[in-house]
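Have a look at the structure below, then the notes.
The values are calculated or read from the model by the stated rules, or taken from the named source; none is laboratory data. Predicted, not measured: the structure shown is a model, and the values here were computed from it. Every residue, glycine as well, gets a Cβ built from its backbone with ideal geometry; the counts of neighbours run over all protein chains shown. We work out accessible area using only protein heavy atoms, side chains counted, and drop any ligands, DNA or RNA first. Shrake-Rupley method; radii C 1.70, N 1.55, O 1.52, S 1.80 Å.
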Amino acid sequence: MADRVTVIGWDGSPLTDAARSALGAASLVAGAAHHLALPEVPRTAERVRLGSVALAARRIAAHRGTAVVLADGDPGFFGVVRTLRAPEFGLEVEVVPAVSSVAAAFARAGMPWDDAQVVVAHRRTLRRAVNVCRAHTKVAVLTSPGAGPAELGLLLEGVHRTFVVCEELGTEREQVSVVTSDNAADHTWRDPNVVIVIGGPAGPAAPGDSWIAGRGPGAGPRGWVLPDEAYGGGLGEGETDLLRAAQLARLGPRVGDLVWDIGCGSGAFATEAGRAGAAVIAVDRNPEACARTEAAARRFGVQLQIVRGTAPHVLENLPEPDVVRVGGGGAAVVSAVADRRPQRIVTHASTRDAAELVGRDLTEHGYRVECALMQSVELDTRAWTETERSVAFLLSGVLPERAP
């Protein structure tokens, strides 16, 4: 095992005395090509090109001597420190930090970033990173080849955002560009780059000063679901607060997910899925329902994409969902949704025959189906008399192979 491992962050500024001292004593130096070309790297040191961090960690673990790893930005922020400290390598490291590329990008843009979401986009995580950009008004995306500004822009089709693209920060080739998301694919971008994604209507400001980084709890009312009167009344039979709570519990929408709400009605469910941090596409054929959904989202500071059209045909060109609520359209729409293979689907039916029809179709699509008869009775607590009663069959389907 290496006698000593020092990880040095590099942001383009001159190396600190501590970094110079560590490099001068190194018998192995790992880093990217531009790191290994630094004049401070000893000529006698073994040089390891840092492609796979795991492979480099194994090489370092087997090295007898002093090792240095050079990395761009702050190596402890989505950087190499996590991999190097993994139990399978047994490495204890010292870290000489630098300004993170995210902090540098926001500094170039002259913007605060304590209220920003920060995500990493690889080919395997690109879709989830895009969903965060759909759901939030300020996101920093640490990109990678094949998952850069062009790909972000293409996957954000139908959602307008502004991109601040910061290329090769800290180098002589540094460049900062501002483009709209629909134009990002028209450019060729140099790696590495950081993309600040900005846009969407701002939500209500939280009272007082900021106190938590990233996505705060907001200034809206408490509760996983809001009472029916929060949406102005006139909710459909499938939109009662108790049924919404059960549907949200079955779906479990979270940051990085894309939720479809088909037959969004008043926008109550779509708004609450958005309040959970998920990206939401709300679909309805009724223009009044689309307008009510837009108003509800604006009132509670939630980012939604609203699509007017008739399901199932309107669903064909929508991006792949993680979880889906079917609020209208019946068995035909549920079947079309199941063809797209979301992880979870919820819907409701007013009769047992309708519930059985939907349940059989979900089963044929390979979903594990659960059904519960939900009955709620509202009481006037002044006289403890019944004021309203509602009954619905709640159906949920889960793909077993994708269940957590």
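Quick notes on this one:
- You will find that of VAL80, VAL96, VAL159, VAL102, the residue that is β-branched (Val, Ile, Thr), more than 30 Å from SER21 (Cα to Cα), touching a residue at least 24 places away in the same chain (Cβ under 8 Å) and open to solvent by less than 70 Å² (accessible area, probe 1.4 Å) is VAL159 and no other.
- Selected residue (criterion: most open to solvent (accessible area, probe 1.4 Å)) from residues of the stretch 240-282 that are in contact with a Ser or Thr (Cβ under 6 Å, 6 or more places away or on another chain) and outside any helix (DSSP H, G or I): THR240
- Residues located in the stretch 1-45, provided they are more than 14 Å from ALA71 (Cβ to Cβ), among the acidic types (Asp, Glu) and touching a helix residue (DSSP H, G or I) at 6+ places or on another chain (Cβ under 9 Å): GLU40
- Within the stretch 139-151, none of the residues are open to solvent by 20 Å² or more (accessible area, probe 1.4 Å), touching a residue at least 60 places away in the same chain (Cβ under 8 Å) and outside any strand (DSSP E or B).
- Hits in the stretch 312-337 - residues which are of a type in the set (D, E, K, R) and open to solvent by 30 Å² or more (accessible area, probe 1.4 Å): GLU316, GLU320
- Filter pass, ARG308 being modelled with pLDDT of 95 or more, surrounded by fewer than 22 Cβ atoms within 10 Å (Cβ to Cβ) and of a type in the set (Lys, Arg): yes
- Members of the stretch 340-353 found to be more than 31 Å from the chain's Cα centre (by Cα), open to solvent by 40 Å² or more (accessible area, probe 1.4 Å) and not acidic (Asp, Glu), listed by number: SER350, THR351, ARG352
- Of all residues making up the stretch 365-398, the number that are free of Cβ contacts under 8 Å to residues at least 24 places away in the same chain, on the phi > 0 side of the Ramachandran plot and open to solvent by less than 80 Å² (accessible area, probe 1.4 Å): 0
- Among residues of the stretch 8-59 being under 35 Å from the mean Cα position of the chain (by Cα), under 23 Å from LEU169 (Cβ atoms) and among the charged types (D, E, K, R), the one that is surrounded by the fewest Cβ atoms within 10 Å (Cβ to Cβ) is ARG49.
- Every residue from the stretch 354-364 that is under 15 Å from GLU237 (Cβ atoms) and open to solvent by 20 Å² or more (accessible area, probe 1.4 Å): ALA354
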